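Down below is the structure, laid out as structure tokens.
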């Protein structure tokens, strides 16, 4: 074999290995570097009569609290829930001064605070009605605090909503496209507090596998030690790998950037069959094997047809005309052939055998469940 043929063969083998490799950043996450969920309660104003109205007392309460915080005194009741014993006198006095709660809606605001977010940066927020509001289209969110699980305020949200859903009704008919009671505000919140992370304080960086696997953890450890020297990384378990990192923040960022772009070949996923019984979907990965087994599957159908007839009495008799219902019941069964799985068949052979007998998705699911029950399916069955 000539020199150039050897070079081409080595290149082809290397390319095949690299094609199955993934970057470490696609397989792992840095421990402690994650987003944090924020939540808040607020009011959306400026609606066109599609708000909560007087049907939700917390909307009136929140509006009075908001106005009081702005130095606005609301005299008299805002809604019927606030009238109490003063209903008779105050209702007439404030009839023309009552606030239009039909233009206000109570909402919940959620957001994700990205890792390393600094005060002054802006993040997207989601807004959803929690009351009886029909639509949030055209509304504006009033300044709202977004809190973390520790109760601290990490961002302030405010702005005009973007609603993609629409609904309309007339003459007893209605049409709705999307969800008009939920929307987003791009860059609708300003970060006010930074979440501390252990990234710049610990002497180690810990990488967590997205899918726990001892083979993948070993491959990541080997790749890091091969590039940066033995002892740089060590596997803690099948999920985590600890890596010694420089203490200087700039050097640490550069070091992690190089590690993230290393290529490794992850471990093979365990044999697994995922079944969604609601949609009739079955997903089989490449490692599924079946031992020697014979399978037959048929569908039994029952057809019932009813015919209505009239029974007439004999002439000059005392009988009466009677309605009689006759039913014909037919039971049929498909004559599907039996197919045989040889020991150790792979995914392609399973699919070909099932397709040859014309099994439907629901029939395939039934066959896979029966194979698992018989002990012939060498795979984990996950039903979602």
Checklist outcome for this item: Among the residues of region 32-69, the number that are within 30 Å of residue 204 (Cα to Cα) and out of contact with any helix residue (DSSP H, G or I) (no Cβ under 8 Å at 6 or more places or on another chain) is 5
Checklist entry - How many residues does region 198-221 hold that are over 30 Å from the mean Cα position of the chain (by Cα), touching a residue at least 24 places away in the same chain (Cβ under 8 Å) and closer than 16 Å to residue 258 by Cβ? => result 0
Checklist entry - Can you find a residue in region 102-119 that is buried (at least 22 other Cβ atoms within 10 Å of the Cβ), assigned by TED's automatic domain parsing to the domain that holds residue 45, assigned to a loop (DSSP other than H, G, I, E, B) and modelled with pLDDT under 95? => result no
Checklist entry - Restricting attention to region 263-282, which residues are touching a helix residue (DSSP H, G or I) at 6+ places or on another chain (Cβ under 8 Å), under 19 Å from residue 25 (Cα atoms) and part of a loop (DSSP other than H, G, I, E, B)? => result 265, 266, 267, 268
Checklist entry - Does region 27-41 contain any residue that is modelled with pLDDT under 60 and not assigned by TED's automatic domain parsing to the domain that holds residue 237? => result no
Checklist outcome for this item: Scanning region 162-196 for residues that are in a loop (DSSP other than H, G, I, E, B) and under 30 Å from residue 29 (Cα atoms), the one modelled with the highest pLDDT turns out to be 192
Checklist entry - Given region 197-262, what strands (runs of 3 or more DSSP E) lie entirely inside it while holding 2 or more residues that are closer than 19 Å to residue 116 by Cβ and modelled with pLDDT of 90 or more? => result 204-209
Checklist entry - For region 22-62, what are the residues that are assigned to a loop (DSSP other than H, G, I, E, B), touching a strand residue (DSSP E or B) at 6+ places or on another chain (Cβ under 7 Å) and farther than 30 Å from residue 260 by Cα? => result 46, 47, 51, 52, 56
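The values are calculated or read from the model by the stated rules, or taken from the named source; none is laboratory data. These figures come from a predicted structure and were not determined experimentally. Cβ sites come from the backbone with ideal geometry, for glycine too, and all protein chains shown count toward neighbours.
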